[in-house]
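Worksheet for the structure shown next.
The values are calculated or read from the model by the stated rules, or taken from the named source; none is laboratory data. Quantities reported herein were computed from a predicted structural model and do not represent experimental measurements. Here the Cβ positions follow ideal geometry from the backbone for every residue, glycine too, while neighbour counts run over all protein chains shown.
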2 protein chains.
Amino acid sequence: MSGPAGTASSAVRLAAETWESLFRSQVAVMRKLQSGPAFKTLPVKEYDVLFTLSRCPSGQLRLNEINDKVLLSQSSLSRLVDRLEKRGLVERTTAPDDGRGVLLALTEAGSELQKSIGREHVRDIATLVAPALTADEQRELLRLTEKLRASVAGH
Amino acid sequence: MSGPAGTASSAVRLAAETWESLFRSQVAVMRKLQSGPAFKTLPVKEYDVLFTLSRCPSGQLRLNEINDKVLLSQSSLSRLVDRLEKRGLVERTTAPDDGRGVLLALTEAGSELQKSIGREHVRDIATLVAPALTADEQRELLRLTEKLRASVAGH
DNA sequence: CACTGATACATGCAAATGCATCTAGTTTGA
DNA sequence: TCAAACTAGATGCATTTGCATGTATCAGTG
């Protein structure tokens, strides 16, 4: 180890406590959000897929791209998409440049439902987050979590 | 609405983007962590219960207290504890002051396993978090997420 | 071009999850 | 004091999840 005695272990401890706190805050917020009326018609994870598609400029995403954003196994996502497709909220298309791939796109109904739930969802989020942190603190939290995410994603 | 036009809506947007970033970073980190070899012997959620018990000064927690920390329904936690109990990692006891309640405590084997997985888990966390954020940034992230959690938990 | 290995997604099946409900213990209030 | 309302946790059952594997396509090598 480098540095004075105890330095390495306290760095490890700080990282662990930081993650623990991030994780618990996520649990606390998510618990409140998913119990709200916005998700009576559609589970949060299914909404999340609709949301991700709605944010995408091209309007289409590969399943494996979506899988990076969501905490679900590949097979679970495949079946989640089955359910969305059965409800007419999304459409599967074979990727033009890769015969193995599947492109997913929102249908009109899917887009409507996403917007409808999204409006309420966003209000719920603000109700939880705005009283907890100042705007500056929110911006800092946004910056730090984005930095963490980018670093972790890039191995 | 108060303030100049647009203020309220941009406050809502900031809160939503902050939450989104927090959530995605949690997904990215958790995905890496749970795919590591530390969780071959025990799923993350089950480890989390052992960990929570290990942190508790009295060594015992009520099921409903544990349920606040974990993103699981009451019934799922009940059965998760069944599995831990079947493996001899925890013990259920009727709460002395409330006949409805159940106190959960680690067994010796449970404590051993938690420590063993915990050591590796903590190293994995540090490997992800330390290269991503400076110590000061980690402390700030810890502070902000703890503030958020506390605010949300207190309604 | 055939062949080997890798990638993207689907599917069979066992396990985990959540909703609704049940049981039992506790608190409330008339 | 006692019935009604409430709370903690367990359980039946249908849905969701993940692991292992299957199928189809792609990429690289001789």
It is to be established whether one or more residues within segment A:98-111 are away from every other protein chain (no Cβ under 14 Å), loosely packed, with under 15 Cβ neighbours inside 10 Å and more than 16 Å from DNA strand D (Cβ to nearest atom). yes
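Could we say that B:VAL152 is of a type in the set (A, V, I, L, M, F, W, C), under 15 Å from A:ALA11 (Cβ atoms) and within 14 Å of chain A (Cβ to nearest Cβ) here?
Working: of a type in the set (A, V, I, L, M, F, W, C): yes; under 15 Å from A:ALA11 (Cβ atoms): no; within 14 Å of chain A (Cβ to nearest Cβ): yes.
Against the criterion (of a type in the set (A, V, I, L, M, F, W, C), under 15 Å from A:ALA11 (Cβ atoms) and within 14 Å of chain A (Cβ to nearest Cβ)), B:VAL152 does not qualify.
Would you point out the residue of segment B:66-82, among those that are among the charged types (D, E, K, R) and either within 21 Å of B:LYS115 (Cβ to Cβ) or away from chain A (no Cβ under 14 Å) (or both), that is surrounded by the most Cβ atoms within 10 Å (Cβ to Cβ)?
Filtering segment B:66-82 down to residues among the charged types (D, E, K, R) leaves B:68-69, B:79, B:82.
When the remaining residues are screened for being either within 21 Å of B:LYS115 (Cβ to Cβ) or away from chain A (no Cβ under 14 Å) (or both), the result is B:69, B:79, B:82.
Details: B:LYS69: 17, B:ARG79: 11, B:ASP82: 12.
So, considering only residues that are among the charged types (D, E, K, R) and either within 21 Å of B:LYS115 (Cβ to Cβ) or away from chain A (no Cβ under 14 Å) (or both), the one surrounded by the most Cβ atoms within 10 Å (Cβ to Cβ) is B:LYS69.
Give the number of residues within segment B:124-138 that are within 7 Å of chain A (Cβ to nearest Cβ) and either closer than 27 Å to B:PHE39 by Cα or surrounded by fewer than 15 Cβ atoms within 10 Å (Cβ to Cβ) (or both). Please lay out each step first, then the result.
Of the residues in segment B:124-138, the ones within 7 Å of chain A (Cβ to nearest Cβ) are B:125-126, B:128-133, B:135, B:137-138.
With the extra rule that they be either closer than 27 Å to B:PHE39 by Cα or surrounded by fewer than 15 Cβ atoms within 10 Å (Cβ to Cβ) (or both), the set shrinks to B:125-126, B:128-133, B:135, B:138.
Qualifying residue count for the region: 10.
Please tell me if A:LEU42 is away from every other protein chain (no Cβ under 14 Å), outside any helix (DSSP H, G or I) and away from DNA strand C (no atom under 11 Å from the Cβ). Before you say what the answer is, go through the steps one by one.
On the way: away from every other protein chain (no Cβ under 14 Å): yes; outside any helix (DSSP H, G or I): yes; away from DNA strand C (no atom under 11 Å from the Cβ): yes.
In short, yes.
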Leading residue by the ranking (nearest to the other protein chains (Cβ to nearest Cβ)) among those in segment A:112-123 that are surrounded by fewer than 18 Cβ atoms within 10 Å (Cβ to Cβ) and touching a Ser or Thr at 6+ places or on another chain (Cβ under 8 Å): A:GLY118
Residues of segment A:38-85 being touching a residue at least 60 places away in the same chain (Cβ under 8 Å) and more than 13 Å from DNA strand D (Cβ to nearest atom), in sequence order, are A:ALA38, A:LEU50, A:PHE51, A:LEU53, A:SER54, A:ASP68
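Does B:ALA130 qualify as being among the hydrophobic types (A, V, I, L, M, F, W, C) and at pLDDT below 95? Lay out the reasoning, then the answer.
Working: among the hydrophobic types (A, V, I, L, M, F, W, C): yes; at pLDDT below 95: no.
It is false that B:ALA130 is among the hydrophobic types (A, V, I, L, M, F, W, C) and at pLDDT below 95.
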Can you pull out the residues in segment A:53-88 that are touching a strand residue (DSSP E or B) at 6+ places or on another chain (Cβ under 7 Å) and under 23 Å from A:MET30 (Cβ atoms)? A:LEU53, A:SER54, A:LEU61, A:ILE66, A:VAL81, A:LEU84
Any residue that is near DNA strand C (Cβ under 10 Å from one of its atoms), out of contact with any helix residue (DSSP H, G or I) (no Cβ under 7 Å at 6 or more places or on another chain) and within 14 Å of another protein chain (Cβ to nearest Cβ) - is there at least one of those in segment B:83-96? no
Contact list please: Cβ distance under 8 Å, first residue in segment B:7-29 and at the interface with chain A (Cβ under 8 Å from one of its Cβ atoms) and outside any helix (DSSP H, G or I), second residue hydroxyl-bearing (Ser, Thr, Tyr) and surrounded by fewer than 20 Cβ atoms within 10 Å (Cβ to Cβ), pairs at least six apart or on different chains. none
Residues (surrounded by fewer than 13 Cβ atoms within 10 Å (Cβ to Cβ), within 17 Å of B:PHE23 (Cβ to Cβ) and of a type in the set (Lys, Arg)) located in segment A:35-60: A:ARG55
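One line per residue, one yes/no per condition, for (1) modelled with pLDDT of 95 or more; (2) closer than 24 Å to A:ALA8 by Cα; (3) within 16 Å of the chain's Cα centre (by Cα):
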| residue | (1), (2), (3) |
| --- | --- |
| B:LEU53 | yes, no, yes |
| B:ARG83 | yes, no, no |
| B:LEU89 | yes, no, no |
| B:ALA105 | yes, no, no |
| B:SER111 | yes, no, no |
| B:SER116 | yes, yes, no |
Condition test on A:LEU63, is it within 8 Å of DNA strand C (Cβ to nearest atom) and surrounded by 13 or more Cβ atoms within 10 Å (Cβ to Cβ)? yes
Scanning for something under 21 Å from A:SER116 (Cβ atoms) and either surrounded by fewer than 16 Cβ atoms within 10 Å (Cβ to Cβ) or within 13 Å of the chain's Cα centre (by Cα) (or both), does segment A:20-28 turn up at least one residue? no
